[in-house]
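No value in this document is a laboratory result; all are computed from the given coordinates. Because the structure is predicted, anything quoted here is derived from the model rather than measured. As a convention, Cβ positions derive from the backbone with ideal geometry for all residues, glycine included, and neighbour counts pool all protein chains shown.
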Amino acid sequence: MYKSLVFYLLITLLFTGIHYSVAQVYGTENGYASFKATMPLNSYTGVTDQLNGNIDLRTKKIAFKVPVKSIKTGKEKRNEHMYELLVAEKNPNVIFKGKLIGDFDLDKKAEQTVEVKGDFTLGGTSRSVTININLRPVEKGLQMTASWSLLISDYDLERPSLLFVKVDDRHDLRVDALLKEK
């Protein structure tokens, strides 16, 4: 009887430990990402629902990518120019790889802001960035949102123009995704 009890206790601990380690990785294959570009008297947005990536809460590693050609601005000609500017054939993805700097407590059921530092790659050029992401435990995983700005000139990209009026250098980015347990 004693051996059976110990056996069942060990099996329970083993499966609990496996579940705990599995529950540390969350990911998405269809998150939302967008950018907003402005220029005098005009602005436009590029959107995609193909944000793909993971957060590993144990190692604190984070990695996301967006296929460049999945980003749509509402005008095919503008899309083509954007793909050309980003050299999409050679650089098919916008990529972020980094680490959580702050701690995230999965047991807290409230939204938490966590600092993330990593490399953001756009058009084949990488720059180190630090951004804040918001993570909120939800029934099906973690809800992640983040927004930040970048200067496209920092990525060696020429500012697009329309009739000699250039798009502002600053672009605002946003991501929103439900990360499911992997």
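Per-residue ellipticity at 222 nm computed for the chain from its helices equals -5500 deg cm²/dmol, with DSSP H segments shorter than 4 residues left out and the rest contributing -39,500 (n - 2.57).
Relative to the current alpha-carbon distance between residue 153 and residue 138, full extension at 0.36 nm per residue lengthens the span by 1.6 nm.
All Cα-Cα distances of the stretch 25-181, cut into 10 Å bins from zero to the largest, leave 11, 41, 31, 14, 3, 0 percent in each bin in turn. The long axis of helix 2-22 is offset from the longest Cα principal axis of the chain by roughly 10 degrees. Considering only 177, 120, 148, and ranking their Cα positions along the charge dipole of the stretch 24-182 that arises from unit charges at the beta-carbon of Lys, Arg, Asp and Glu, the one farthest toward the positive end is 177. Between residue 43 and residue 85, the modelled labels are 1.6 nm apart [label points 7 Å from Cα along Cα→Cβ]. What percentages make up the Cα-Cα pair-distance distribution of the stretch 56-121 when the bins are 5 Å wide from 0? Calculated over all Cα pairs of the stretch 56-121, the distribution is 4, 15, 19, 16, 12, 12, 11, 8, 4, 0 percent. In percent, rounded to a whole number, the relative contact order of the stretch 25-181 is 25, using alpha-carbon pairs under 8 Å and six or more apart. Give the residue from 62, 157, 73 lying farthest towards the positive end of the charge dipole for the chain; charges sit on Cβ (+1 for Lys and Arg, -1 for Asp and Glu) and the dipole is referred to the Cα centre. Of the candidates, 62 comes out farthest on the positive side.
Of all aspartates and glutamates in the structure, those lying under 16 Å Cα to Cα from residue 65, and not within fewer than 8 positions of it along the same chain, are 29, 49, 56, 89, 119, 176. Taking amide H atoms as placed 1.01 Å from N in the peptide plane, the amide H of residue 101 lies under 5 Å from those of 115, 116, 117, each 5 or more residues away in sequence or on another chain.
In this label model, residue 78 and residue 178 are separated by 2.9 nm, measuring between points 7 Å along each Cα→Cβ vector. Cross-link pairs exceeding 32 Å between alpha carbons, from the set 75/99; 90/182; 61/166; 77/99; 75/108; 140/166: 75/99; 61/166; 77/99; 75/108; 140/166. Computed 3J(HN,Hα) for the stretch 137-143, one whole-Hz value per residue from the Karplus formula 6.51 cos²θ - 1.76 cosθ + 1.60 where θ = phi - 60°, is x, 10, 3, 9, x, 10, 8, glycine and proline marked x.
In degrees between 0 and 90, to the nearest 10, how far off the longest principal axis of the chain does helix 76-85 point, with axes built from Cα atoms? Compared with the principal axis, the helix lies near 80 degrees.
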